[in-house]
Amino acid sequence: MFVITADQIDSRHDRDRAGEMIARLAADFGPAFLLPPDQTSGDEIQTLLTDAATALDVVFALHRSGHWSIGLGIGPVRVPLPHATRQASGAAFIAARAAVTRAKKADARFALDADGSGATAAGASAGRPHPGLPAGAPILAGAEVEALIATVLLLRQRRSPEGWAAVDLLRGGLSQVDIAARLGITPAAVSQRIKSSLWRVEEAAHPALVRLVEDLEQTSTETDTAG
């Protein structure tokens, strides 16, 4: 399973943003959550999901807002589930806690942990895939997957408001001609905004990131079962 723990950045000097962020996540991803997103220790949000693609999209949504350090924990969760996310427990929650602690010092304000060990990218080389990869080992170590996700997050962070406006409409199903009419610019300008936003680079990378996150979850589940 996937647990996301997000801690509000500089909450002492900012208003409490947890409530509105939870409402936004519930509106955008509601049915995907095993339990409703929860506000835990004051300025912290916690979510629980089973789908890797949605977990990644929730990470992206939190990161885009610019107000959160985000930890993605991957692993088993104790069942039966309680009535509230903040009451749930298990290895994925421990991993998310370790990850969000590291995320506070990371360039992308994001970290991933698949076993609760808090392993950093410095130790990633030990998990680098090779022809003799042991059965049951992940395709890439958690720290390596973290680095790839962080790269895409930083790419998105550099996107201009104008670029986001074009990308959001494109994702909504509009053609570039329709986007141009909506924004009051030429189709050529829309094309340039989309190109500058590196949206196609992000879209091309997304399925691979989902696959890698799924692989980490599958490996952690198999390890837990074997144990």
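Bear in mind these aren't lab numbers, they're just calculated from the coordinates by the rules spelled out. Remember, it's a predicted structure, so these values are computed and weren't measured experimentally. So basically every Cβ, Gly included, is an ideal-geometry build from the backbone, and we count neighbours across all protein chains shown.
So how many Å³ per residue does the convex hull of the Cα atoms of the range 24-102 work out to?
Cα convex hull per residue, to the nearest whole number: 92 Å³.
With Kirkwood radius over Cα pairs in Å as the read-out, I listed (1) 19.2; (2) 18.4; (3) 22.9; which label goes with the value calculated from this structure?
(2)
In nm, to one decimal, how far is the modelled label at Gln157 from the one at Ile185, with both set 7 Å along Cα→Cβ?
For Gln157 paired with Ile185, the spin-label model returns 2.4 nm.
Angle, helix 52-65 long axis vs. longest principal axis of the chain, Cα atoms, 0 to 90°, nearest 10?
Taking Cα atoms only, the helix is inclined about 60 degrees.
Please give me, ordered by residue number, the trypsin sites (Lys or Arg not before Pro) of the range 155-227 that lie in loop per DSSP and have at most 15 other Cβ atoms within 10 Å.
Arg158
Give the relative contact order (percent, whole number) for the chain; include only Cα pairs under 8 Å separated by 6+ residues. Write out the running numbers ahead of the final one.
Numbers: 367 pairs, mean separation 41.3, N = 227.
Once divided by the residue count of the chain, the mean separation gives 18 percent.
Using alpha carbons only, how many angstrom separate the centre of the range 37-60 from the centre of the range 159-227?
One Cα centre to the other: 19 Å.
How far apart, in nm, are the 7 Å Cα→Cβ label points at Ser41 and Asp107?
Going from the Ser41 label point to the Asp107 one covers 2.8 nm.
At most 11 other Cβ atoms within 10 Å and a DSSP loop assignment: could you name the trypsin sites (Lys or Arg not before Pro) in the range 1-110 that fit?
Passing sites in the range 1-110 are Arg15, Lys105.
If the only charges are +1 at each Lys and Arg Cβ and -1 at each Asp and Glu Cβ, what is the size of the charge dipole of the chain around the Cα centre, to the nearest 20 debye?
In total the dipole reaches around 600 debye.
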